[in-house]
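Sending over a structure as structure tokens; questions will come in a sec.
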Amino acid sequence: MCELYVRQVLKTSGSYSEDWADVRVAKDVVPSLMNLLTPSLRTAHQPLMRDLDLAQAIFDSYPSSASGTQSHGSHFSPNLKPSPSSGKTPHPFFQNYQPLSVITPWMSLMSSMFTTHVRLISIGLSYEGRPIPALRVGVHPTDNDHPSGARKTVVITGGSHAREWISTSTVTYLAWSLINAYGKDREITRLLEEFDFVLVPTLNPDGYVYSWETDRLWRKNRQPTSLRFCRGVDLDRSYPFKWDGDKRTNPCAESFAGEEPFQGVEARRFADWAQNETQYNNVDIVGFLDLHSYSQQILYPYAYSCNESPPSIEDLEELGLGLAKAIRISRKGQSYKVTSACEGNVAFANNNNNNKKTVLPRIESSGGSALDWFYHELKVKYSYQIKLRDTGSYGFLLPRESIVPTGEEVLDAVLYFGRFMLGEVGLGRGGGVEEGRVETEVEEGVEL
């Protein structure tokens, strides 16, 4: 039985809106599903992946031997330059999605070859005991420079959700680009002298491995729950700020937030690492970019509520729009929507009785996100969740040909982020790094 994705488009006031929901369903179930809908919605849908079924799309997302790396191989070429030919051929490492068994030694290789500005670090251990590796990229002042103040750091993460392979590949692409451009590209060299970049390709290594070996569309981590046959916690719903897991007690649900805050082991490890860095290691986290897929959106706090706005919303919107513009005018010209994380993850329908918006769930639940936790608890003013390509044609099964274009456009966004933090761009010429903190006064259970 083949499956496909169907996009159900909401129809309001006699016309189609921009609000939609993607549904994965067996082909032979589609007619029955349509019959359950109101007449106005029965034609408000369109099939995605028109030219192939879900199984074929899954198969195509795995590496092909023709392009260099076997799907579960542990060997790769240490060559760091793109293949010659036209000069446009991407590095072999990025011609395919890579398994963890390749990513981990690749990160080790980067740290051993570029000792002047790269260090391999560990965020902690996953539930199943795998390291959560990260690369710290930056040029630290020598002892003679007498550095003053904490080291300004930008944290970039991917792979919280196992099936979102493009987020993991994009983080490795960013790492490779920053590492190799140091000393060659003036802008990147300057950024690495001003900031550390901590790049975490997969915060969920257990789930990532499971998505390679067992279930390509697995989302959660792999720890047990109260139901023996339903494993896994949604790591991005596990953080304690505005955690609302008690509202969803079904451990089988893809967005299961656990039975208590921080039940997701990897989320707790990541938070512990971040707090330890800021409290004891003279680190000032001035930016947080959490990469996900899909829908091409740049999302700022809050995720937990569409009725509350963060204190620094104007600055967040300004930088968010700048990031979207940097992507739009980049080499590939993709359009990214800028909005709050809550509005990016729900659909709205007009209530004709009182002319107010009714919030309907669409993609994800709201509370307990890493985005809100970094913004509120660690006071990282410029915190964003970036949802990468595409807008639904392939969804979580983005073809491998999109790895490099996605990496290129996000690199352009990261470079803009750096210029903004240095006060060189933006309506107010950026806030500068001295403005990179946020003071929030939200207490648990207290509305702004």
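Output the number of the condition that Tyr182 fails; it satisfies all remaining conditions of (1) surrounded by fewer than 24 Cβ atoms within 10 Å (Cβ to Cβ); (2) within 23 Å of Ser369 (Cα to Cα); (3) in contact with a Ser or Thr (Cβ under 7 Å, 6 or more places away or on another chain).
(2)
Now, a different point. Cβ contacts < 6 Å: first residue under 17 Å from Glu377 (Cα atoms), restricted to the stretch 282-295; second residue of a type in the set (Phe, Trp, Tyr) and in a strand (DSSP E or B), any location; separation 6+ or different chain. Result?
Every condition considered, the pairs that remain are Gly287/Tyr382; Leu289/Tyr384.
Looking only at the stretch 299-316, which residues are within 19 Å of Leu289 (Cβ to Cβ) and in a helix (DSSP H, G or I)?
Ile313, Asp315, Leu316, listed by residue number.
So Ile285 clears everything in (1) hydrophobic (A, V, I, L, M, F, W, C); (2) closer than 21 Å to His161 by Cβ; (3) not in a loop (DSSP other than H, G, I, E, B) except one condition, right? Which one?
It is condition (2) that Ile285 fails.
Taking Val209 as meeting all but one of (1) among the β-branched types (Val, Ile, Thr); (2) loosely packed, with under 15 Cβ neighbours inside 10 Å; (3) under 15 Å from Leu100 (Cβ atoms), write down the number of the exception.
For Val209, the exception is condition (2).
Here is a yes/no grid of residues against (1) over 29 Å from Ser61 (Cα atoms); (2) crowded, with 23+ Cβ neighbours inside 10 Å; (3) modelled with pLDDT under 95:
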{"position": "Ala326", "(1), (2), (3)": "no, no, no"}
{"position": "Gly333", "(1), (2), (3)": "no, no, yes"}
{"position": "Thr358", "(1), (2), (3)": "yes, no, yes"}
{"position": "Tyr375", "(1), (2), (3)": "yes, yes, no"}
{"position": "Leu388", "(1), (2), (3)": "no, yes, no"}
{"position": "Thr391", "(1), (2), (3)": "no, no, yes"}
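Could you please tell me which pairs satisfy a Cβ distance under 8 Å, a separation of 6+ or placement on different chains, a first residue in the stretch 268-279 that is closer than 15 Å to Pro240 by Cα, and a second residue that is part of a helix (DSSP H, G or I)?
As it stands, the answer is Phe270/Ala370; Ala271/Trp373; Ala274/Phe374, since those pairs meet every condition given.
Anything in the stretch 281-295 that is buried (at least 21 other Cβ atoms within 10 Å of the Cβ) and out of contact with any Ser or Thr (no Cβ under 9 Å at 6 or more places or on another chain)? List them, or say none.
Of everything in the stretch 281-295, nothing turns out to be buried (at least 21 other Cβ atoms within 10 Å of the Cβ) and out of contact with any Ser or Thr (no Cβ under 9 Å at 6 or more places or on another chain).
Since Val233 meets every condition but one in (1) closer than 27 Å to Phe417 by Cβ; (2) touching a Lys or Arg at 6+ places or on another chain (Cβ under 9 Å), which condition does it not meet?
So the condition that Val233 fails would be (1).
Kindly indicate the residue of the stretch 222-246 that is part of a loop (DSSP other than H, G, I, E, B) and of a type in the set (A, V, I, L, M, F, W, C) and also surrounded by the fewest Cβ atoms within 10 Å (Cβ to Cβ) among those meeting that condition.
Filtering the stretch 222-246 for residues that are part of a loop (DSSP other than H, G, I, E, B) and of a type in the set (A, V, I, L, M, F, W, C), the one surrounded by the fewest Cβ atoms within 10 Å (Cβ to Cβ) comes out as Phe229.
Spot the failing condition for Leu203; the list is (1) out of contact with any strand residue (DSSP E or B) (no Cβ under 8 Å at 6 or more places or on another chain); (2) assigned to a loop (DSSP other than H, G, I, E, B); (3) touching a residue at least 60 places away in the same chain (Cβ under 8 Å), and only one is missed.
Condition (1) is where Leu203 drops out.
I would also like to ask the following. Can you tell me which residue in the stretch 369-392 is nearest to Gly258 (Cα to Cα), limited to those that are in a helix (DSSP H, G or I) and not hydrophobic (A, V, I, L, M, F, W, C)?
Across the stretch 369-392, the extreme among qualifying residues is Asp372.
Here is a check on your reading of the model: is Glu308 charged (D, E, K, R), touching a residue at least 24 places away in the same chain (Cβ under 8 Å) and surrounded by fewer than 18 Cβ atoms within 10 Å (Cβ to Cβ)?
yes
I've got another one for you. Say we look at the stretch 393-404 and pick out the residues that are not in a helix (DSSP H, G or I) and not small (Gly, Ala, Ser); which of these is surrounded by the fewest Cβ atoms within 10 Å (Cβ to Cβ)?
Pro399
Is it the case that the stretch 249-261 has a residue that's surrounded by fewer than 23 Cβ atoms within 10 Å (Cβ to Cβ), touching an Asp or Glu at 6+ places or on another chain (Cβ under 9 Å), under 18 Å from Gly124 (Cα atoms) and in contact (Cβ under 8 Å) with a residue 24 or more places away in the chain?
No, the conditions are met nowhere in the stretch 249-261.
Considering Glu435, Glu364, which residue is modelled with pLDDT under 95 and more than 22 Å from Gly158 (Cβ to Cβ)?
Result: Glu435 is the single residue among Glu435, Glu364 that is modelled with pLDDT under 95 and more than 22 Å from Gly158 (Cβ to Cβ).
The values are calculated or read from the model by the stated rules, or taken from the named source; none is laboratory data. Worth saying up front: this structure is predicted, and the values here are computed from it rather than measured. Heads up, the Cβs are rebuilt from the backbone with ideal geometry, glycines too, and the neighbour counts pull from every protein chain shown.
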